[in-house]
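Colleague: So that we are looking at the same thing, I have put the structure below in structure tokens.
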Amino acid sequence: MREIFRVSIGGAHAGLVITVFIVVLFAAIGGTVWALIVGGAVAFWFTVALIAVVGGDRRGWAAVKRAYLLTFGWADWL
């Protein structure tokens, strides 16, 4: 089961690129307000993931990397 949910840093980078593209698309189509809403939602999720990871005994860059993987690692499954 653990192997199914494993993500890589490359997949997380792809997820970040896709997310930035979607935010830019929202900005072009819906305006700045929608881009801020979508970008704010992603930033909120990253913050929640970072708080959860820090609560789980990770600190510093290890916590940031884990939160990054939790936020953007979904693209590894595409």
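Colleague: If you go through region 57-72 one residue at a time, how many are assigned to a helix (DSSP H, G or I) and of a type in the set (D, E, K, R)?
Modeller: The qualifying residues number 2.
Colleague: Part of a helix (DSSP H, G or I), free of Cβ contacts under 8 Å to residues at least 40 places away in the same chain and exposed (fewer than 11 other Cβ atoms within 10 Å of the Cβ): which single residue out of Val54, Val23, Val48, Val33 fits that description?
Modeller: None of the others qualify; the one that does is Val33.
Every number in this text was worked out from the coordinates using simple rules, so none of it is lab data. All values derive from a computational prediction rather than experimental measurement. Because the Cβ atoms are built from the backbone with ideal geometry, glycine has one as well, and the counts that use them run over all protein chains shown.
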